[in-house]
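The values are calculated or read from the model by the stated rules, or taken from the named source; none is laboratory data. None of these values were measured; they are calculated from a predicted model. Methodologically, a virtual Cβ is constructed for each residue, glycine included, from the backbone with ideal geometry; neighbour enumeration extends over all protein chains shown. In case anyone asks, the SASA skips ligands and DNA or RNA and just uses the protein heavy atoms, side chains included. Shrake-Rupley method; radii C 1.70, N 1.55, O 1.52, S 1.80 Å.
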Amino acid sequence: MNGKDAIVERTSAVQRTAVPAVLAAAVLLLSACSGDGEDPPAKESNSASSPGKAGEPSRSADPDLPPAEGSAKVVKTLAEDLKSPWGLAALPEGDLLVSSRDEATITRIDAESGKKTEVGPVPGVAPAGEGGLMGLALSPAYASDHYVYAYFTTESDNRIARFQYDEKKPAGQQLGAPDTVLRGIPKGTIHNGGRIAFGPDKMLYAGTGETGETGLAQDKSSLGGKILRMTPEGEPAPGNPEADSLVYSWGHRNVQGLAFDKEQRLWAAEFGQNTWDELNQIGPGKNYGWPEVEGKGDEGSEFANPLEQWSTADASPSGIAWAEGSIWMAGLRGERLWRIPLDGTKALAEPQAFFEGEYGRLRTVLAAGENRLYVVTSQTDGRGSPEGGD
């Protein structure tokens with residue numbers, strides 16, 4: 001399985017006995033790279049993390065908290081031969097939708113058999129560099145409106161649109177006409193962000209990049225280098241820091257990971273430049289420092305510090321997911337899956353790495369219920385080393 005761009009299923013944090021592959025759909029594992037891979041490696045990391053251990057997970061004193069150490073193993077590869085897979089969303093019945101960044105298509109993966117069926121192309125996508133068809137999310141009212149949301153790059157910008165998905169139509173023709181929700185997000189060859197997620201509040205959140213123009217991150221009038229929060233129709237969400245603005249947080253370099261924990265708190269993973277990648281707990285109106293600060297800065301400064309930071313060679317994080325009391329973070333250049341156990345908004349223990357170098361670059365992680373995750377590999381994104389099955 002080494003290096004195949006696929007969807008693999010793995011068990012997560014507190015598995016105590018071997019669990020059979022019951023849930024079917026699976027995603028290949030993650031890899032990290034700074035700014036999605038364009039930056040040179042850093043020489044050191046402040047996270048004294050160690051590879052995951054195969055034995056029993058150690059326990060925290062509080063039974064409501066996750067173990068300080070967990071365990072993980074891949075139990076199934078669901079689908080292979082995916083082309084530049086990026087976004088992933090689970091349909092109500094369990095099947096998966098996966099986007100192809102460079103092909104600009106959405107494919108359905110059968111959760112039992114792994115069979116791939118093309119849903120359809122997304123019109124207007126202009127893949128280039130790190131841009132293309134990226135994040136996917138289902139409408140909170142999907143049962144009635146059947147909307148699939150997508151974040152993608154065009155010739156002029158990055159934007160978010162929604163499409164009605166009609167499973168009864170022929171394969172390749174199941175997406176309705178695009179309904180543009182938001183346009184005008186800055187685009188570039190690098191740092192396009194791209195992750196979208198609906199929160200427990202049923203508002204749409206989007207992670208954007210500063211496209212290599214670092215000043216955009218500190219410019220609150222720009223949509224670049226931000227986390228945006230909007231209604232499903234693309235309007236500023238009620239309760240935003242500024243009533244007429246989509247900006248929820250700012251001072252970001254390139255956000256490609258968004259996840260909510262059980263307390264409805266928002267977490268985000270972000271590419272650093274040459275030194276530190278970050279995992280941040282996101283608060284409304286907070287400034288996360290880029291380009292003034294990379295990684296942790298002085299305590300008491302105007303900039304919010306990350307919960308954890310990694311050398312760019314060890315992480316370069318894209319997708320994240322919350323499961324079993326921990327954040328699970330895919331590494332592109334780092335080619336490993338990170339587990340960060342949480343005690344509220346603090347780390348309970350040092351981050352723990354799994355699958356280092358086993359599956360190549362890891363792009364996306366999706367919680368799959370119980371103690372399962374889907375993980376998507378990213379060997380065919382122009383920076384990996386594709387093998388058979390990629």
Going through region 145-175, which trypsin sites (Lys or Arg not before Pro) have at most 11 other Cβ atoms within 10 Å and a DSSP loop state?
-> Lys168
Identify, among Thr214, Thr117, Ile185, the residue whose Cα sits farthest towards the positive end of the charge dipole of the chain, taking +1 on the Cβ of Lys and Arg and -1 on the Cβ of Asp and Glu, with the dipole about the Cα centre.
-> Thr117
Among Pro236, Gly225, Ser144 the positive-end extreme of the charge dipole of the chain (Cβ point charges) = Ser144
How large is the accessible surface per residue of the chain, computed with a 1.4 Å probe and reported in Å² as a whole number?
-> 37 Å²
Can you tell me the dipole magnitude for the chain around its Cα centre, using point charges on the Cβ only (Lys, Arg +1; Asp, Glu -1), in Debye to the nearest 20?
-> 620 debye
For region 317-390, give the magnitude of the charge dipole about the Cα centre (Cβ charges: +1 Lys/Arg, -1 Asp/Glu; no others), in debye to the nearest 20.
-> 200 debye
Between region 157-210 and region 229-248, the Cα center-to-center distance that results, in Å | 16 Å
What are the GluC sites (Glu not before Pro) within region 58-132 that DSSP puts in a loop, where the Cβ has at most 13 other Cβ atoms within 10 Å?
-> Glu93, Glu112
Among (i) 124; (ii) 155; (iii) 216, the value of volume of the Cα convex hull per residue in Å³ computed for this structure carries the label (i)
1/(1 + (r/R0)^6) with r = Cβ-Cβ of Asp62 and Glu370, R0 = 30 Å, i.e. FRET efficiency to nearest 0.05, evaluates to 0.90
How big is the charge dipole of region 193-288 about its Cα centre, in debye rounded to the nearest 20, if each Lys and Arg gets +1 on its Cβ and each Asp and Glu gets -1 on its Cβ?
-> 180 debye
Checking region 154-228 for GluC sites (Glu not before Pro) in a loop per DSSP with at most 14 other beta-carbon atoms within 10 Å yields Glu155, Glu167
With the dipole of the chain worked out from charges on the C-beta (+1 for Lys and Arg, -1 for Asp and Glu) around the Cα centre, which of Ala89, Ala79, Gly382 lies farthest toward the positive end?
-> Ala79
Show which lysines lie in cross-link reach of Lys296 when reach means a straight Cα distance below 22 angstrom and same-chain residues fewer than eight apart are skipped.
-> Lys43, Lys220, Lys226, Lys286, Lys346
Using a 1.4 angstrom probe on heavy atoms only, work out the carbon and sulfur share of the accessible area of the chain in %.
-> 46 percent
For Leu91 and Ala143 in the same chain, what is the full-extension length gain: residue separation times 0.36 nm, less their Cα-Cα distance, in nm?
-> 17.7 nm
